Amino acid sequence: MDKLKVLHFPDSRLRKVAQKVKNVDQNIRDTIDQMFFTMYEEKGIGLAATQVNIHKRIIVIDVSENKDEKICLINPEILFLSSDCDIYEEGCLSVPGFYEGISRPKDIKVSTLDYDGNLIEIEANGLLSTCIQHEIDHLNGKLFVDHISTLKRNRIEKKITKLKKEGALIARKNTPNYKSVT
């Protein structure tokens, strides 16, 4: 299976709002399989289709330690966000090598289609809740850097642009001391 190319901030294609999937067919399932493959190869825990230049409302997630609990969300819609928040150190395959503490609602309920096109609801908290919110942001043209100060965001953009020019994008760091969202 081919790994999809992950777009990097500040690529303007990351700002496109994804379109609803009209029909969950074999082409969509093949895309989902490629997205899972890419996410695992890139050592991520989540990937939105927008990040691989596919502008459909598709997300793949696996926050398990053993990478054996695949979650697929197609056309996810947030039904509930709690008022209590958690802060997680978030990273992103589209913003490689950079991490920031982001505050997001602790509990979430989402309505979504699954891999087979069945309508389901998912209730999540902790890391999974944060990951779902992070990936839905991608579908809406937002990145985690939009949740930090303009000064920090501009510094990250300059560093990534410089690394691209030098041909030396930072490899994703694997730090076992914290979970990062991607």
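Identify, among Pro105, Gly91, Ser149, the residue whose Cα sits farthest towards the positive end of the charge dipole of segment 91-150, taking +1 on the Cβ of Lys and Arg and -1 on the Cβ of Asp and Glu, with the dipole about the Cα centre.
Ser149
Students often forget the sequence filter, so: which lysines lie under 22 Å Cα-Cα from Lys152 once same-chain residues fewer than 8 apart are removed?
Lys142, Lys162, Lys164, Lys165, Lys173, Lys179
Number of Lys pairs in segment 1-73 with C-alpha atoms less than 20 angstrom apart, excluding same-chain neighbours closer than eight positions?
13
Asp146 to Glu89: extension gain in nm, 0.36 nm per residue of separation minus the Cα-Cα distance?
Answer, rounded to one decimal: 19.1 nm.
Of the candidates Gly117, Gly126, Gly167, which one comes out as most mobile in a Gaussian network treatment of the chain with C-alpha springs shorter than 10 Å?
Answer for the Gaussian network model of the chain: Gly167.
Sum -39500 (n - 2.57) across every DSSP H segment of at least 4 residues in the chain, then divide by the residue count to get the 222 nm mean residue ellipticity, nearest 500.
The helix contribution divided over the chain gives -8500 deg cm²/dmol.
Express the relative contact order of the chain as a whole percentage, based on alpha carbon pairs under 8 Å and six or more residues apart in sequence.
About 25 percent, as a whole number.
Farthest toward the dipole's positive end in the chain, which of Leu73, Leu7, Gly44, given Cβ charges of +1 (Lys, Arg) and -1 (Asp, Glu) about the Cα centre?
Selected residue: Leu7.
Sort all Cα-Cα distances of segment 1-103 into consecutive 10 angstrom bins from zero, then give the percent of pairs in each bin up to the one containing the longest distance.
Calculated P(r), rounded to whole percents: 13, 43, 37, 7, 0.
Please report, in debye to the nearest 20, how large the charge dipole of the chain is about its Cα centre when each Lys and Arg carries +1 at its beta carbon and each Asp and Glu carries -1 there.
Using Cβ point charges on Lys, Arg, Asp and Glu, the chain gives about 1120 debye.
Every read-out reported here was derived from the displayed coordinates using simple, explicitly stated rules and does not represent laboratory data. The shown structure was predicted, so the numbers you read here are calculated from the model rather than taken from an experiment. Backbone-built Cβ (ideal geometry, glycine too); neighbour counts: all protein chains shown.
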